[in-house]
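Pasting in a structure now, in structure tokens, and then I'll have a few things to ask.
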């Protein structure tokens with residue numbers, strides 16, 4: 001970092017230095033007279049200011065990026081999520097149409113039995129699987145130790161979000177090799193879709209509530225919140241296990257594969 005900063009400073013001030021030397025040598029007739037001599041220093045100084053401004057802007061953007069990024073997984077962190085929540089509370093952007101809350105199952109035994117290095121490896125692997133299934137479909141966050149959240153873009157169909165969640169649930173069950181051991185974790189997932197009645201915060205709350213309903217009823221499943229379901233039969237569990245009937249049952253539940 002120090003070497004990079006010194007290099008940037010040298011590049012920034014080099015034109016001013018060269019212009020000063022050129023004009024100084026002109027006093028002794030070493031350099032020729034040119035009409036542009038009168039503008040050398042102002043031009044050099046303008047370049048220096050522009051270059052330093054660009055470098056500083058890049059450093060600010062880089063600092064902002066790392067401040068909003070989880071260092072271990074490279075996903076968005078809670079700080080970034082809180083900023084989005086604050087912006088959405090001021091003016092709804094309708095950028096997001098779904099919230100997928102994920103909590104890993106049996107993660108604590110990994111740390112206790114294999115050490116924190118193994119736990120870190122699991123988190124990195126989970127982040128890669130999330131990118132594989134939800135990359136381009138939404139923004140992905142690590143919001144806690146083993147808690148993740150996907151904010152699905154509004155143009156994604158409900159069926160696509162649910163299908164990817166189910167595919168992720170299957171993928172995460174694949175054992176991960178760490179050194180000479182194979183580690184298996186699962187996940188509990190709660191999904192909620194945006195509706196104008198509940199708003200953005202309501203969508204997050206509903207996804208979180210569905211997640212913890214799954215956790216309290218055996219784990220390893222997906223529960224989907226739906227406005228009609230909440231109004232009609234809120235207490236009835238709707239947990240979609242990891243099987244081939246999931247998509248058919250979801251299609252029957254919503255009656256369509258797209259948001260209304």
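The values are calculated or read from the model by the stated rules, or taken from the named source; none is laboratory data. Note that the structure is a prediction, hence the values are computed from the model and not measured. Cβ coordinates were reconstructed from backbone atoms using ideal geometry, including for glycine residues, and neighbour counts include every protein chain displayed.
Select from the range 160-186 the residues that are in contact (Cβ under 8 Å) with a residue 12 or more places away in the chain, in contact with a strand residue (DSSP E or B) (Cβ under 8 Å, 6 or more places away or on another chain) and more than 22 Å from residue 201 (Cα to Cα) and list them in ascending order.
166, 168, 169, 172, 173, 176, 183, 184, 185, 186
Go through (1) outside the structural domain of residue 198 (by TED's automatic domain parsing); (2) modelled with pLDDT of 90 or more one by one and return the number of the condition residue 131 breaks.
Against the list (1) outside the structural domain of residue 198 (by TED's automatic domain parsing); (2) modelled with pLDDT of 90 or more, residue 131 comes up short only on (1).
Moving to a separate point now. Give the residues of the range 87-116 that are out of contact with any helix residue (DSSP H, G or I) (no Cβ under 7 Å at 6 or more places or on another chain), in a helix (DSSP H, G or I), more than 30 Å from residue 195 (Cα to Cα) and free of Cβ contacts under 8 Å to residues at least 60 places away in the same chain, sorted by residue number.
Within the range 87-116, 108, 109, 112, 113, 116 meet the criteria.
While we're on this one: Of all the strands (runs of 3 or more DSSP E) wholly in the range 167-260, which have at least 3 residues that are touching a helix residue (DSSP H, G or I) at 6+ places or on another chain (Cβ under 8 Å) and at pLDDT 50 or above?
By residue number, 186-193, 222-224.
Using the structure shown, decide if residue 82 is part of a helix (DSSP H, G or I), more than 24 Å from residue 188 (Cα to Cα), modelled with pLDDT of 90 or more and out of contact with any helix residue (DSSP H, G or I) (no Cβ under 9 Å at 6 or more places or on another chain).
So residue 82 fails the test.
Name the residues in the range 147-170 that are more than 16 Å from residue 193 (Cα to Cα) and surrounded by fewer than 17 Cβ atoms within 10 Å (Cβ to Cβ), would you?
Answer for the range 147-170, where residues must be more than 16 Å from residue 193 (Cα to Cα) and surrounded by fewer than 17 Cβ atoms within 10 Å (Cβ to Cβ): 147, 167, 170.
For residue 66, state whether it is over 27 Å from residue 140 (Cβ atoms) and part of a helix (DSSP H, G or I).
When the stated conditions are applied, residue 66 does not pass them.
Restricting the search to the range 144-159, which residues are over 18 Å from residue 205 (Cβ atoms) and assigned to a strand (DSSP E or B)?
Matches in the range 144-159: 153 only.
Pick out the one residue from 18, 56 that is part of a helix (DSSP H, G or I) and either modelled with pLDDT under 85 or under 41 Å from the mean Cα position of the chain (by Cα) (or both).
None of the other options fit; the residue is 56.
Sticking with this structure for a sec: Restricting attention to the range 182-199, which residues are surrounded by fewer than 18 Cβ atoms within 10 Å (Cβ to Cβ) and closer than 23 Å to residue 130 by Cα?
182, 184, 186
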